[in-house]
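A.B. asks: Quick one: the structure is below, questions incoming.
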Amino acid sequence: MFLNLIDPFSFLIGFATASILWFVVSRARPLLNELREGLNERRELAQVRKSSSVEENHRRLTLRRAQGMHLASQLFALDEILQEPLVLSPPPPVEPGIPARYEDVVTQTLPYLPAWPELAAVYQPQALNLSQALAGDSNIVIIGQPGIGKTVALAHLASLAANRSERLGALQEMIPFHFHVADLNLPVKDSKNILNPIIEAASANAPMFDLNKIPPFVQSAFKSGSVLLLVDGYDEITPNEQSLVSEFFKTLLQNHPEIRIVTTGAPEYLDGLISLGFVPLTLCAWTDRDNQHFIEQWGQLWQRTVAMEAWAQTGPEQVDPLLINTWLGSDGLNLSPLELTLKVWGAYAGDSLGPHTLEAIATHIRRVAPPNTPLAALETLAMQVVVSAMPVFDPRKAREWVKSFEVAEETPEGEPVQNPEEEAEADPKAKKGKKVEKVSTPNTGLLGKMTTSGLLVAYPNNRMRFVHSVFAGYLAGHALTSYNADETLINQPDWSGKYLTMRFLAAHGDVSRLVQSLLEFSRLPMHRPLFAAARWLRDAPRNAPWRGKMFGTLAAILQTEGIPLSVRAQAMAAFVYSNDPSAATLFRQLATSNSFELIHLAILGAGAMRDTKAIKILEAALQAPSLSVKRAACMALTAINTNESLEIVAQALLTGEEAVRRAAGEALANDPQEGHAMLKDGITINDILLRRAVIYGLGRVREPWAIDMLKKVQIEDEQWVVRNAATEVLDMRMRDNAYSPMKLKPPSETPWLIEFAAKKGVGISPGVPATDILLLALKEDDPDVRLAALQFLKFTPQDIVLKTIYEAMYKDDPELREAAYNVLWEIGVSGIKLPHPSEYGLN
């Protein structure tokens, strides 16, 4: 009966309509999906455009700030005066079953000394530019002494990233966030807000219209992983402050593992960074060629810009730049880039207080100090900063330190001076019964004047610091000559301000008690206090009573057999850095000893001091039974760089045995004048061994013509031995990332370790350090397995691990000994206290 109520015609019409409608909807579904996707794309595009404008503004501001982050920013932009920063290539990683990477003879012969790059500036081992250093996948910490150019290195990286430079390769599109540690409001109380310090620091410099867009921009950038975080000033702060920053890095990397971080550090202390996988890379000191290029570049810029200023035209007659450059070029030995910059600036400005490095620093402090400010005020502030161990200080505390030097502000003539009560009556908003005080800011008073003049830098959240730690150390050291602060300084934890102050205190006063204390604290395996104090020798008076004891201790370490060559080489480097004439005499004496390791080091020392009296001794060393001594002799003779010394190297290149010829060829690459000319001539001589040696020399010449010459030899030379050498060298030259530091894979993903564990009948679980199996590997007979195990053990510095590494350091295998020492150095600078070897029964 119910079926009879349905009209068949209506049913058919309804069915047909529904079918057609369903057909249309099903056909239109892709179109609807496309429409929905289009709307989403337009929404995302709008968001990208919105963030893109923020990003472009951020990049532009980052570039502007970076170009002003150098000492002479008031005169030139960074790129105008930049000498490209380079870092020493770290020791090569070892992986069993994988061929070792190519290492030139110079790099093999010169001990790896991350704390003494001045020696590397003479002999020029393998180095990386910053783009190459980042071509791997590691986060890095650029280390070096104050004034060597770490801030400039970060500013250069920030400039490259802000400009999307092609030199950055895969990192070209990374967004740079470039800050000083004082910009970061740490600690972060809630890890969910870990990006807040970045957002606050980025907002501080952003345009007003971008302020609301900064938080989503920062969050989006970090979420995508396309961030290059550059944090300056880690090397300037105390260990307690360093732990806050390293903890911040740790949480940041846990939440955003794909970002890259570059920070700065000191060679003596890198609290917390090594355990996070940061690779310490030593910033290279400038070579003689770099110094000369900088001096000439400064002179050209000065003549085009500063010399054209009205005040310069009306002042005293300008000295011929050629005379200035000649004088400056003759006295650049062992100067840091900061020190050379100050000397050049003083010479061209004509305001230098004298030729000594200390006088160049004093000149610049006078140059940037507020007019009519007593020197005692600057020294008092710096002294309190150091004694309080507050490199980044609160201006409210600082006002108390210098309040005795504040000058009462003058009021306009005829205007009465109101007392606080009168001010309260005059201000209707002031609450009754409360004393109204004028709260000064960093922009007022003596601190404000120092900030305006450029001696201090102010940050949000009541933070200030000296514009450079060297100036703070100089002022504090000079001030402490009137106080007995030895015990206070000794009892402080290690930080750069402490050692800088002691260095300048040693230059102005008697630090015999300090030296005695440091020598008592100094011990194997690092001798860190001794080598830190050894840097005082260059600027200290030659008649200082403590110099003899210091030199005697260094000489004893230099001559101690059985300890790592790197320890002894640091003692040699300290002698070189001191510029003391007696050091050259010592090296000549030691070069005739019976120990080949000692002769090796003495020869390198004589070459670094350009000791022409040692030429005959070095010539005789070319006949020594030790290959390392022969190589060192070629390098030292080239460094001395006289006609006589270069002729001896040329003769070795022409007639020496094959290994000596190669050493001579590579050494000559360090001399851009006669050395390069000899290499160009040598490639044309009909002598297979000579041409092969020249190939390796050309491989070290960082000039386009050398590459062209190698390519030509690779194709045209008649001898396959020579062609193969050219191919080998070119292959390494073309592989920019061949020396880039890489992260270690976890033990459970490391093929050689998995295979080794399987042979021992054990497995390696993910997330486990695998310490036991690594300790077994360190005791294996296979040298590659031992060296590879060391690289992992630095992350688990337990007592049994330290004991086993110490034992490896005292074995007869020189390569293992040096590798073990380098691992212990990394463990030591990460904050682990290293015991004396005697605690493990080692002497």
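The values are calculated or read from the model by the stated rules, or taken from the named source; none is laboratory data. The shown structure was predicted, so the numbers you read here are calculated from the model rather than taken from an experiment. So basically every Cβ, Gly included, is an ideal-geometry build from the backbone, and we count neighbours across all protein chains shown. Ligands, DNA and RNA are stripped out before the accessible areas are found, and what is left, the full protein with its side chains, is counted by its heavy atoms. Shrake-Rupley method; radii C 1.70, N 1.55, O 1.52, S 1.80 Å.
A.B. asks: For residues in segment 462-488 being hydrophobic (A, V, I, L, M, F, W, C) and not in a helix (DSSP H, G or I), which is surrounded by the most Cβ atoms within 10 Å (Cβ to Cβ)?
C.D. replies: The qualifying residue surrounded by the most Cβ atoms within 10 Å (Cβ to Cβ) is 466.
A.B. asks: Something else about it: Answer yes or no as to whether residue 327 is open to solvent by 70 Å² or more (accessible area, probe 1.4 Å), among the aromatic types (Phe, Trp, Tyr) and either in a helix (DSSP H, G or I) or out of contact with any helix residue (DSSP H, G or I) (no Cβ under 9 Å at 6 or more places or on another chain) (or both).
C.D. replies: Working: open to solvent by 70 Å² or more (accessible area, probe 1.4 Å): yes; among the aromatic types (Phe, Trp, Tyr): yes; either in a helix (DSSP H, G or I) or out of contact with any helix residue (DSSP H, G or I) (no Cβ under 9 Å at 6 or more places or on another chain) (or both): yes.
For residue 327, the condition - open to solvent by 70 Å² or more (accessible area, probe 1.4 Å), among the aromatic types (Phe, Trp, Tyr) and either in a helix (DSSP H, G or I) or out of contact with any helix residue (DSSP H, G or I) (no Cβ under 9 Å at 6 or more places or on another chain) (or both) - is met.
A.B. asks: Out of 62, 107, I need the residue that is open to solvent by 30 Å² or more (accessible area, probe 1.4 Å), part of a helix (DSSP H, G or I), modelled with pLDDT of 90 or more and among the polar types (S, T, N, Q). Which one?
C.D. replies: Working: 62 fails: open to solvent by 30 Å² or more (accessible area, probe 1.4 Å).
Going through 62, 107 in turn, just one is open to solvent by 30 Å² or more (accessible area, probe 1.4 Å), part of a helix (DSSP H, G or I), modelled with pLDDT of 90 or more and among the polar types (S, T, N, Q): 107.
A.B. asks: Tell me yes or no: at least one residue of segment 733-748 is open to solvent by 60 Å² or more (accessible area, probe 1.4 Å), out of contact with any strand residue (DSSP E or B) (no Cβ under 8 Å at 6 or more places or on another chain), under 23 Å from residue 654 (Cβ atoms) and part of a loop (DSSP other than H, G, I, E, B).
C.D. replies: no
A.B. asks: Say we look at segment 669-687 and pick out the residues that are assigned to a helix (DSSP H, G or I) and touching a helix residue (DSSP H, G or I) at 6+ places or on another chain (Cβ under 8 Å); which of these is farthest from residue 702 (Cα to Cα)? Give the steps one after another, and end with the answer.
C.D. replies: Just the residues of segment 669-687 that are assigned to a helix (DSSP H, G or I), to begin with: 674-682.
Next, from what is left, pick out any that are touching a helix residue (DSSP H, G or I) at 6+ places or on another chain (Cβ under 8 Å): 674-676, 678-680, 682.
Details: 674: 16, 675: 13, 676: 11, 678: 16, 679: 13, 680: 14, 682: 18 Å.
Once the filter is applied, the top-ranked residue is 682.
A.B. asks: Just one of (1) open to solvent by 10 Å² or more (accessible area, probe 1.4 Å); (2) more than 24 Å from the chain's Cα centre (by Cα) trips up residue 358, so point out which.
C.D. replies: (2)
A.B. asks: Next up: Find all pairs meeting these conditions: Cβ atoms under 6 angstrom apart; at least six residues apart or on different chains; first residue within segment 705-720 and closer than 21 Å to residue 676 by Cα; second residue hydroxyl-bearing (Ser, Thr, Tyr).
C.D. replies: Pairs found: 714/727.
A.B. asks: Something else now. List pairs: first residue in segment 812-826 and under 11 Å from residue 783 (Cα atoms), second residue in a helix (DSSP H, G or I) and open to solvent by 40 Å² or more (accessible area, probe 1.4 Å) anywhere in the structure, Cβ distance under 8 angstrom, at least six positions apart or on different chains.
C.D. replies: 813/783; 815/783; 816/783
A.B. asks: Across segment 587-609, what is the total count of residues that are part of a helix (DSSP H, G or I) and open to solvent by 30 Å² or more (accessible area, probe 1.4 Å)?
C.D. replies: Total meeting the criteria: 4.
A.B. asks: Next up: Scan segment 679-710 residue by residue and report those that are aliphatic (A, V, I, L, M) and open to solvent by less than 10 Å² (accessible area, probe 1.4 Å).
C.D. replies: Passing the criteria: 679, 690, 693, 694, 695, 698, 701, 706, 710.
A.B. asks: Against the definition (of a type in the set (S, T, N, Q) and either open to solvent by 50 Å² or more (accessible area, probe 1.4 Å) or in contact with a His (Cβ under 9 Å, 6 or more places away or on another chain) (or both)), how does residue 642 come out, yes or no?
C.D. replies: No: the conditions fail for residue 642.
A.B. asks: Within segment 622-636, can one find any residue that is closer than 30 Å to residue 720 by Cβ, touching a helix residue (DSSP H, G or I) at 6+ places or on another chain (Cβ under 6 Å) and part of a loop (DSSP other than H, G, I, E, B)? Before the answer, list the steps.
C.D. replies: Initial filter on segment 622-636 (closer than 30 Å to residue 720 by Cβ): 622, 627-628, 630-631, 634-635.
Within this subset, residues satisfying the condition of being touching a helix residue (DSSP H, G or I) at 6+ places or on another chain (Cβ under 6 Å) are 622, 627-628, 630-631, 634-635.
Add one more test, that the residue is part of a loop (DSSP other than H, G, I, E, B), and what stays is 622.
There is at least one residue in segment 622-636 that is closer than 30 Å to residue 720 by Cβ, touching a helix residue (DSSP H, G or I) at 6+ places or on another chain (Cβ under 6 Å) and part of a loop (DSSP other than H, G, I, E, B).
For (1) exposed (fewer than 15 other Cβ atoms within 10 Å of the Cβ); (2) more than 26 Å from the chain's Cα centre (by Cα); (3) part of a loop (DSSP other than H, G, I, E, B), each residue gets a yes or a no:
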{"residue": "786", "(1), (2), (3)": "no, yes, no"}
{"residue": "789", "(1), (2), (3)": "no, yes, no"}
{"residue": "795", "(1), (2), (3)": "no, no, yes"}
{"residue": "803", "(1), (2), (3)": "no, yes, no"}
{"residue": "811", "(1), (2), (3)": "yes, yes, yes"}
{"residue": "821", "(1), (2), (3)": "no, no, no"}
{"residue": "824", "(1), (2), (3)": "no, no, no"}
{"residue": "834", "(1), (2), (3)": "no, no, yes"}
{"residue": "839", "(1), (2), (3)": "yes, yes, no"}
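A.B. asks: (1) assigned to a helix (DSSP H, G or I); (2) without any contact (Cβ under 8 Å) to a residue 24 or more places away in the chain: which one isn't true of residue 753, the others all being true?
C.D. replies: Here residue 753 clears every test but (2).
A.B. asks: Then there's this: Pull out all pairs, ordered by first then second residue, where Cβ-Cβ is under 8 Å, the residues are six or more apart or on different chains, the first lies in segment 583-612 and is touching a residue at least 12 places away in the same chain (Cβ under 8 Å), and the second is open to solvent by less than 30 Å² (accessible area, probe 1.4 Å) and of a type in the set (Lys, Arg).
C.D. replies: 597/568; 598/568; 601/568
A.B. asks: Let me confirm something: among 647, 666, which residue is acidic (Asp, Glu), part of a helix (DSSP H, G or I), buried (at least 23 other Cβ atoms within 10 Å of the Cβ) and modelled with pLDDT of 95 or more? Let's see the steps before the verdict.
C.D. replies: On the way: 647 fails: buried (at least 23 other Cβ atoms within 10 Å of the Cβ).
Only one candidate qualifies: 666.
A.B. asks: Against the condition in a helix (DSSP H, G or I) and either in contact with a Leu (Cβ under 7 Å, 6 or more places away or on another chain) or on the phi > 0 side of the Ramachandran plot (or both), how does residue 584 come out, does it pass?
C.D. replies: no
A.B. asks: Of the residues 44, 80, which single one is modelled with pLDDT under 95, open to solvent by 60 Å² or more (accessible area, probe 1.4 Å) and more than 30 Å from residue 268 (Cα to Cα)?
C.D. replies: Just a single option satisfies the conditions, and that option is 44.
A.B. asks: Does residue 372 meet the test of being at pLDDT below 95 and either of a type in the set (Val, Ile, Thr) or more than 14 Å from residue 450 (Cα to Cα) (or both)? If you could, list the steps in order and put the result at the bottom.
C.D. replies: Details: at pLDDT below 95: yes; either of a type in the set (Val, Ile, Thr) or more than 14 Å from residue 450 (Cα to Cα) (or both): no.
Answer is no for this residue.
A.B. asks: Cβ contacts < 7 Å: first residue within 30 Å of residue 341 (Cβ to Cβ) and of a type in the set (S, T, N, Q), restricted to segment 76-104; second residue outside any loop (DSSP other than H, G, I, E, B) and open to solvent by 80 Å² or more (accessible area, probe 1.4 Å), any location; separation 6+ or different chain. Result?
C.D. replies: 83/293
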